[in-house]
Amino acid sequence: MKIHPVTFNHLLTKISSLKNEHTQPHAYNVFVNDEKRLDENVQEYVNIIKNLSKDELTILDFGGGAGGHYKTLKENISNKKLIYNIVENPKLLDRFIEHMADYENVNYCGSINDFKEVHFDFVYANASPQMLSPKRAVDIIKDLFSVGGEYVLLQRIIVSEGNVYDNFFTIANVGHGEQYFSITSDKHVLELGEVFGYDLKYSEYQRPQPVQFKMKKDYNSDVGVICYKNYLFKKKYE
């Protein structure tokens with residue numbers, strides 16, 4: 001089992017317990033993900049897109065930052081036209097748009113709801129749903145499924161394999177100080193896929209080494225194992 005360097009310190013089950021200065025809107029008002037990179041997860045993303053049969057793909061990237069994922073796709077996939085749509089922090093949209101001005105077919109919006117009328121071939125989120133507290137990760141995952149994309153790829157989603165808590169928040173010390181993370185259960189992610197009409201193609205537990213987070217010794221043991229998991233879902237059709 002791979003161990004993540006971040007340790008979770010506390011467990012909170014009520015949104016009212018969160019302090020605003022430790023939530024994502026305060027901590028993450030920064031310009032992020034502006035360069036291409038090909039780590040293990042993004043390589044997986046590239047491989048899946050490359051192997052889809054369509055020559056033109058409309059993609060939604062939730063939390064895609066300043067286009068780093070798009071740049072990586074373009075560098076590694078030359079035989080497909082990509083219509084790329086990124087949902088990002090509304091306060092930084094002008095900077096993101098300016099940064100990506102030289103790239104064709106890239107659109108930015110501040111909300112998933114802005115894309116409700118668009119048909120997506122692929123919906124993608126890499127480590128973003130759990131970082132938008134005080135909104136719960138489970139609600140963001142619902143929004144991603146509700147878009148109705150042909151495929152939904154959720155990477156590095158922090159989930160609990162425990163039996164008690166379905167949704168909760170944790171506190172961890174990260175580079176800029178304390179930060180909340182919103183966590184849901186592995187079971188709930190799978191149930192949501194089913195509710196919205198998706199088949200699970202694979203998930204991280206089928207791989208040899210998911211990444212597990214450390215927890216302080218006084219952390220509630222009922223939570224069980226907390227880890228990163230990747231899920232690929234495909235829309236079912238009768």
Residue (of Leu190, Tyr108, Gly149) at the positive-pole extreme of segment 90-238, dipole from beta-carbon charges: Leu190
Solvent-accessible area, 1.4 Å probe, carbon plus sulfur percent, for segment 52-164: 43
Neighbour cut-off at most 16 other Cβ (10 Å), DSSP loop, GluC sites (Glu not before Pro), segment 39-130: Glu104, Glu117
Where segment 70-186 is the region considered: accessible area per residue in Å², 1.4 Å probe: 40
All Cα pairs of segment 95-173, percent lying beyond 20 Å: 45
Where trypsin sites (Lys or Arg not before Pro) fall in DSSP loop in segment 109-168, at most 14 other Cβ within 10 Å: Lys116
Calculated P(r) tail over 16 Å for segment 1-114, as whole % of Cα pairs: 67
In degrees, nearest ten, helix 137-146 long axis to first principal axis of the chain (Cα): 30
Over the chain, relative contact order from alpha-carbon pairs under 8 Å, at least 6 apart, %: 26
Spatially proximal lysines relative to Lys74 (Cα-Cα < 21 Å; intrachain offsets below 8 disregarded): Lys36, Lys50, Lys54
Cα long-axis angle, helix 40-51 against the chain (0 to 90 degrees, to the nearest 10): 40
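Given +1 on the Cβ of Lys and Arg, -1 on the Cβ of Asp and Glu, and no further charges, what dipole in debye does segment 40-188 carry about its Cα centre, rounded to the nearest 20? Could you put the intermediate results ahead of the total?
On the way: 14 positive and 21 negative charges, 18 e Å.
Its charge dipole is roughly 80 debye.
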Three-way shape call for segment 49-112 based on the alpha-carbon gyration tensor, with the a/c threshold at 1.5: prolate
Calculated diffusion of the chain, Stokes-Einstein form, Kirkwood radius summed over Cα pairs, 4 °C and 1.567 mPa s, µm²/s: 71
Spin-label pair Asp55/Glu194, simplified geometry with 7 Å Cα→Cβ offset, distance in nm: 4.0
Extension gain, Glu75 back to Asp102 (0.36 nm per residue minus Cα-Cα distance, nm): 8.2 nm
Value of [θ]222 nm, deg cm²/dmol, for the chain, DSSP H segments ≥ 4, -39500 (n - 2.57) each, nearest 500: -6000 deg cm²/dmol
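Out of all DSSP beta bridges with both ends in the chain, state the antiparallel percent to the nearest 5.
Percent antiparallel among DSSP bridges in the chain is about 50.
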All aspartates and glutamates inside 18 Å of Lys19 as judged from Cα atoms, apart from same-chain residues fewer than 8 positions distant: Glu178
On Cα atoms only, tilt of 186-195 relative to the major axis of the chain in degrees: 40
Coil-residue chymotrypsin sites (Phe, Trp or Tyr not before Pro) of segment 67-167, DSSP, other Cβ within 10 Å capped at 14: Tyr103
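The values are calculated or read from the model by the stated rules, or taken from the named source; none is laboratory data. Remember, it's a predicted structure, so these values are computed and weren't measured experimentally. All Cβ positions, even for glycine, are placed from backbone atoms using ideal geometry, and neighbour counts span all protein chains on display. Note: accessible area is taken over every heavy atom of the protein model, side chains too, but ligands, DNA and RNA are not part of it. Shrake-Rupley method; radii C 1.70, N 1.55, O 1.52, S 1.80 Å.
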